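K.L.:
Okay, here's the structure, questions in a sec.
Readers should treat all values here as calculations from the given coordinates under stated rules, not as data from a laboratory. What you see is a predicted model; the values in this text were computed from it and never measured. Don't worry about glycine lacking a Cβ; one is built from the backbone with ideal geometry, like all the others, and counts go over all protein chains shown.
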Amino acid sequence: MAKNMNGLSREFIIHPGETLKEILEDRQMSQKELAIRTDVTEPHVSSIVNCQKAISVSYAKKLEYALGIDASFWVNLQANYDKELADFEEINGISDRELEILKRLDSIVKHLKTIGLLEPETRGPMLVINLRKLLNISSLIRIPEVFQTGAYRLATATNVDPYVLFTWLRMCDLIVEEQETEQGLDIDRLKDKIPLIKELMFEDVADVQSRLKTYLAECGIKFSIVKNFRGAPVQGVIKKNDDGTLNLLMTTRRKFADIFWFTFFHEIGHIINGDIEDKLVDYDFAKGEAEDRADEFAANTLIDPADYAGFVAKRDFTLPSIKRFSVEQNILTYILIGRLQRDGHVRYHQYLGEKVKYVLPEG
């Protein structure tokens with residue numbers, strides 16, 4: 001008895017010929033008589049009854065005449081058999097290579113189960129099948145080739161794992177799929193929202209993500225903070241949707257609040273600067289003019305550039321001076337400290353007690 005990897009027997013997959021055989025026996029009709037009634041040869045009927053031949057649509061019509069059983073019954077019976085047989089062969093045909101890829105994806109697969117995108121109890125070959133469906137790909141082996149189609153900006157860095165990155169990007173799409181927005185992308189409204197968004201830096205961290213979702217939804221942007229994984233060194237991803245909206249997903253890899261807000265406004269900069277053609281995957285190591293413009297937008301949005309230049313020129317980077325300037329700029333102290341650290345004016349170990357870490361819920 002042939003069994004698949006989940007313990008199901010091949011014998012439980014019933015060929016429609018077995019049903020036809022039972023009906024003939026019940027009616028005491030010979031195969032020869034059925035052959036005459038359906039205008040085919042007796043060997044043709046025999047091959048179906050012995051599960052060697054499929055019931056075609058045309059023969060289903062003939063059975064409808066001969067037996068008074070609607071053709072759709074036979075067509076559906078054959079289709080169900082074909083599907084079950086294909087499923088059986090598929091799950092038994094999964095290669096060791098795909099199972100190895102599954103191990104490679106272990107961390108992100110566990111997370112997909114946690115957030116309800118995969119069934120928690122699914123394992124082994126059946127998990128491969130479910131993951132294929134989730135990722136819209138018929139074989140996990142082909143994942144790296146998808147990046148060559150032009151839909152993704154794949155980096156060549158050694159710390160990028162195409163299997164993890166592909167899965168992570170699909171997860172991002174699914175996390176925001178059901179979010180609703182009031183309209184398509186509205187850049188002017190987004191610009192108007194920036195002062196309100198900046199005020200969130202003063203709010204309880206528990207409210208930050210939900211408030212951002214609300215503000216951005218009003219601008220045609222679906223937003224979420226997502227978990228990061230080794231192999232997908234991404235700080236954010238922005239994607240255009242067919243309905244004119246955008247998806248904006250961010251990670252919180254380093255946890256510091258100043259990095260979160262700089263990264264957030266960096267991504268907003270990409271949107272306002274018109275950098276999104278289809279999908280922009282913002283790697284941690286990304287370089288180029290677009291990245292520089294987005295960095296400049298983030299820096300200038302958080303702190304007035306002329307005022308910051310004047311502050312730096314004084315060369316007084318004591319904590320009291322930093323706090324006074326932060327109050328003048330209506331920003332929290334950690335924002336200025338983070339900027340000074342990035343620009344090399346203070347060392348990264350300085351003023352650690354003033355730095356704030358965010359623990360945000362992740363999709």
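K.L.:
Using only C-alpha positions, report the orientation-averaged shadow area of the convex hull of the range 176-254, nm², one decimal.
P.N.:
With every direction weighted equally, the projected area is 5.8 nm².
K.L.:
Can you pull the Kirkwood radius for the range 33-142, inverse mean 1/r over Cα pairs, to one decimal in Å?
P.N.:
Roughly 17.0 Å, rounded to one decimal.
K.L.:
Stick to Cα atoms and the Kirkwood definition of Rh, then tell me Rg/Rh for the range 269-363.
P.N.:
1.01
K.L.:
Within 15 Å, Cβ to Cβ, of Asp106, how many net charges do the neighbouring residues add up to if Lys/Arg are +1 and Asp/Glu are -1?
P.N.:
+4
K.L.:
Helix-only mean residue ellipticity at 222 nm, the chain, DSSP H runs n ≥ 4 weighted -39,500 (n - 2.57), per residue, nearest 500. What is it?
P.N.:
Here the helix-only value at 222 nm equals -16500 deg cm²/dmol.
K.L.:
What does the charge add up to near Lys83, with Lys and Arg as +1, Asp and Glu as -1, over the other residues with Cβ less than 15 Å from its Cβ?
P.N.:
Cβ neighbours under 15 Å give a net charge of -3.
K.L.:
Once you have the alpha carbon radius of gyration of the range 96-149, what is it after dividing by 2.2 N^0.38 Å, with N set to its residue count?
P.N.:
In units of the globular-protein estimate, the range 96-149 measures up at 1.09.
K.L.:
Taking just the alpha-carbon atoms of the range 305-354, what radius of gyration and Dmax come out, in angstrom?
P.N.:
9.8, 28
K.L.:
At q = 0.15, 0.18 Å⁻¹, work out log10 I(q)/I(0) for the range 169-302 with the Debye formula, treating every Cα as an identical point scatterer and leaving solvent out; two decimals please.
P.N.:
Debye intensities relative to I(0), on a log10 scale: -0.67, -1.02.
K.L.:
For the chain, which span is the longest to avoid every loop-located (per DSSP) member of trypsin sites (Lys or Arg not before Pro) having at most 15 other Cβ atoms inside 10 Å?
P.N.:
1-122
K.L.:
Considering every Cα-Cα pair within the range 10-92, what fraction, in whole percent, is farther apart than 21 Å?
P.N.:
25
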